[in-house]
Every structure is written in C-alpha cells, then in structure tokens.
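As structure tokens, the structure follows; a few thoughts come after it.
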Amino acid sequence: MSVIKHAIISAAGMGTRLGMNMPKCLVEVNGKKIIDYLLELLKNIEDIRIVVGFMEEEVINHVKSIRSDVIFVRNPDFKFTTNSYSVHLASKDIDEPFLIIDGDLIINKNSFEDFLTNCEKKPEHSLIGITKSKTEEAVFTVIKKEEHGNYIRSFTREEHLDYEWSGLAYLNGIKIEKNGGYIFHELEKHLPIRCEIIECWEIDTPEDLENACLACY
C-alpha cells in the first residue's frame, strides 16, 4: 500500500468543448478510457473518491466494473460549480494528506510514480504537478528555483510561460473551500508550494485528444 491513503478524482463536469456528449473520464485514448488509466495508477491507494455529476450512472457503472471499493461523491450542481467545489465535497471529512487529480488527465506511469515518490520523501509538504505548456487555455506557473527545489510563486493566464498547472497535486494541510473558484485559485492562497514536473496530457478539446493519442501509450 502507498503511504498516501486518499485520492480524489474530479469527474463531474460536462466537457462541452470536447463535443462528445459524455464525461471526459469515459473518453477513450488509444482504445482505453481515461478513468481506466487513472485507476491503474491509483491501484495501491486504499481510498479513492470519484466526484460524479454529468451522466453519473455511466461513470459509476463503468468504474464499479473495474474496482468495487471506490467511493462516489455526487455533485448535483455540476452545471454551475467548478472542480474546486467537487474537491471540497470529497475532501471535507479527510484529515490526512490526499491527492487530487482531474478526471480528464492521461499521466505517464513512470512520471506519476516519480511524483508519488517525491510526495513520500517529504510527506509534510504539499506538492503540485506542473507540465510543459501545451493546452489551449493553460494556467501558467511562475516558478522560483530554490536550494531545496522548485516552488510555484504564482499562477497566471496572461503571460505565456514554459510550464502550466497540470491538474495533479498532493495536499497536506490545505483545505479546499466550498465557494472557491477553480482549484488553482484555492492553491494560490497557500503559495509558495513546491512543484515537480510531470508528463501528462489534459483532454479538453478534440486537438488535445488527438495529441494525447499520438504522444502516449
């Protein structure tokens, strides 16, 4: 079992920009659904919570066919709320560190394992995954190199930078508020936070999907 006990996957959104009328976690990348890749990465995490909303029954039924002990958290207001509200719903009773993962991410297996190793080396410190900038509406990260590693100093949408917020983070001592904005807005309150580069692909548009299919697996 992993030292990290809890993981939250945000999979409530409608994914309208992808134009496939299905939850993005059920979209196939090279013949395998995104959620399948994520569950494989999290196979050693004992408590997995998936926040569902749009077409929730389809997500629940598929996940149950793979892993029966997953906890499903309903976000009935998925049309009007952001991923931070979903994470709040799933994490409000967790008093230990936990992972958060956007449900539209394909993450390189070796890169993810390295990220977990870095979390477990310094479990008292939160860790944010960043990745090379490639998405259409990226949230870029302003990074400062320090003696003990790299730290995010701020987020920006205005200035095109080399790295962007990935949608993966390990949080210790950080509570996600009910009425916050997006996740990066909640994380901003606690900066600077150390960061690690990961290899991943966010599936938000048809172009993202095409790029992910070409780049991975």
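In this structure, is TYR217 touching a strand residue (DSSP E or B) at 6+ places or on another chain (Cβ under 9 Å), open to solvent by 50 Å² or more (accessible area, probe 1.4 Å) and at pLDDT below 95? Criteria met by TYR217.
The residue list PHE115, PHE72, PHE98, PHE80 contains one member that is aromatic (Phe, Trp, Tyr) and at pLDDT below 95, which is PHE80.
Residues considered: THR141, THR131. Of these, the only one that is over 16 Å from HIS185 (Cα atoms) and assigned to a strand (DSSP E or B) is THR131. If the condition is being in contact (Cβ under 8 Å) with a residue 60 or more places away in the chain, within 21 Å of ASP77 (Cα to Cα) and open to solvent by 20 Å² or more (accessible area, probe 1.4 Å), then region 16-64 contributes ARG17, GLY19, LYS24. For region 145-162, a tally of residues being at pLDDT 95 or above and touching a Lys or Arg at 6+ places or on another chain (Cβ under 6 Å) returns 2.
So how many residues does region 77-101 have that are within 16 Å of the chain's Cα centre (by Cα) and open to solvent by 30 Å² or more (accessible area, probe 1.4 Å)?
Of the residues in region 77-101, the ones within 16 Å of the chain's Cα centre (by Cα) are 82-91, 97-101.
Right, trim to open to solvent by 30 Å² or more (accessible area, probe 1.4 Å) and you get 82-83, 85, 88-89, 97.
Within region 77-101, residues that are within 16 Å of the chain's Cα centre (by Cα) and open to solvent by 30 Å² or more (accessible area, probe 1.4 Å) number 6.
Say whether the condition of being surrounded by 22 or more Cβ atoms within 10 Å (Cβ to Cβ) and either at positive phi or among the charged types (D, E, K, R) (or both) is met by at least one residue in region 67-76. Scanning region 67-76 turns up no residue that is surrounded by 22 or more Cβ atoms within 10 Å (Cβ to Cβ) and either at positive phi or among the charged types (D, E, K, R) (or both).
When region 170-197 is filtered for residues that are among the aliphatic types (A, V, I, L, M), touching a Ser or Thr at 6+ places or on another chain (Cβ under 7 Å) and either crowded, with 21+ Cβ neighbours inside 10 Å or not in a loop (DSSP other than H, G, I, E, B) (or both), the ones remaining, listed by number, are LEU171, ILE176, ILE183, ILE193, ILE197.
The values are calculated or read from the model by the stated rules, or taken from the named source; none is laboratory data. Note that this is a predicted model, so its numbers are computed, not measured. Because the Cβ atoms are built from the backbone with ideal geometry, glycine has one as well, and the counts that use them run over all protein chains shown. SASA here: full protein model, heavy atoms, side chains in, ligands and nucleic acids out. Shrake-Rupley method; radii C 1.70, N 1.55, O 1.52, S 1.80 Å.
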